[in-house]
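> The structure's right below; bear with me while I get my questions together.
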Amino acid sequence: MTAGSALVGAMATDGWQQARTAVVEWWRRRRPDAAEEVGTELEALRGRVLHAREHSDADTEQALAGAWRLRLQQLLDEDPALVGELRRLLDEQLAPAQADDRQARNHPVRMNAEAHDSSRIFMAGRDQHITGA
């Protein structure tokens, strides 16, 4: 079930809100009574995924993906006809969000800086966290 892994992977991308909306809408068509709860769970899960990524905690991220793989598999076990629709959601929303993020991260960045006197320069090609005084 690549959909569970792709769902969790998409949470750490810039395209997450669009992917989240698509997942909630897909869920709403299957289980209308649970769609809002799923949306809330996805937002909470995103925070955990971002925290895991920030701390290079691949085990937690894999566990979260596994939980969603199980959840999606249960839904498919109840209604095998959903396989095609889930594949379409994966192909059209989740996988592209991850691909766009990988492409953005692998784009070469060239930075030049020049400091004079007592100035400081802080440069980063992606995230930068500066702590202290």
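The values are calculated or read from the model by the stated rules, or taken from the named source; none is laboratory data. Note that this is a predicted model, so its numbers are computed, not measured. Reconstructed Cβ throughout: ideal geometry from the backbone, glycine too, with neighbour counts over all protein chains shown. Just so you know, the surface numbers come from the protein's heavy atoms only, side chains and all, with ligands and any DNA or RNA stripped out. Shrake-Rupley method; radii C 1.70, N 1.55, O 1.52, S 1.80 Å.
> Ignoring everything except DSSP H segments at least 4 long, calculate the 222 nm mean residue ellipticity for the chain; use -39,500 (n - 2.57) per segment, divide by total residues, nearest 500.
Numbers: 6 runs with 83 residues, N = 133.
Roughly -20000 deg cm²/dmol at 222 nm, from the helical runs in the chain.
> Let me ask something additional. Please list Thr40, Thr13, Thr60, Thr131 in order of solvent-accessible area, largest first, computed with a 1.4 Å probe with all protein chains present. Walk me through the numbers on the way to the answer.
Numbers: Thr40 95, Thr13 5, Thr60 45, Thr131 125 Å².
My answer, sorted largest first, is Thr131, Thr40, Thr60, Thr13.
> Continuing with the same structure: So what J values fall out for region 38-46 if you push phi through Karplus, 6.51 cos²θ - 1.76 cosθ + 1.60 with θ = phi - 60°, rounded to Hz, Gly and Pro as x?
Once rounded to whole Hz, the list reads 4, x, 5, 4, 5, 5, 5, 5, 4.
> Here's another thing I want to ask about it. In Å, what Rg and Dmax follow from the Cα atoms of the chain?
18.7, 68
> Which whole-number percent is the relative contact order of the chain (Cα, under 8 Å, 6+ apart)?
Working: 92 pairs, mean separation 50.2, N = 133.
It comes to 38 percent, rounded to a whole number.
> Residue by residue through region 55-66, which ³J(HN,Hα) values in whole Hz follow from phi under the Karplus form 6.51 cos²θ - 1.76 cosθ + 1.60 (θ = phi - 60°), with glycine and proline marked x?
Computed from phi, the couplings for region 55-66 are 9, 6, 9, 5, 4, 5, 4, 5, 5, 5, 5, x Hz.
> Quote the accessible area belonging to Met123 in square angstrom, nearest 10, computed with a 1.4 Å probe and with ligands, DNA and RNA left uncounted.
Met123 exposes around 80 Å² with every protein chain in place.
> Related question: Round to the nearest 10 and give me the degree value, 0 to 90, for the angle of helix 95-105's Cα axis relative to the longest principal axis of the chain.
10
> In addition: So, with +1 on the Cβ of K and R and -1 on the Cβ of D and E, and no other charges, what is the size of the charge dipole of the chain about its Cα centre, to the nearest 20 debye? Walk me through the numbers on the way to the answer.
Values: 17 positive and 22 negative charges, 45 e Å.
The calculation lands at about 220 debye.
> Measuring with a 1.4 Å probe in the full set of protein chains, what accessible area per residue, in whole Å², belongs to the chain? Spell out each step's value before the answer.
Details: 8890 Å² over 133 residues.
It amounts to 67 Å² per residue over the chain.
> A further question follows. Given the options Ala97, Ala35, Ala65, which has the most mean-square fluctuation in a GNM of the chain, springs set between C-alpha atoms less than 10 angstrom apart?
Its mean-square fluctuation being the largest, the pick is Ala35.
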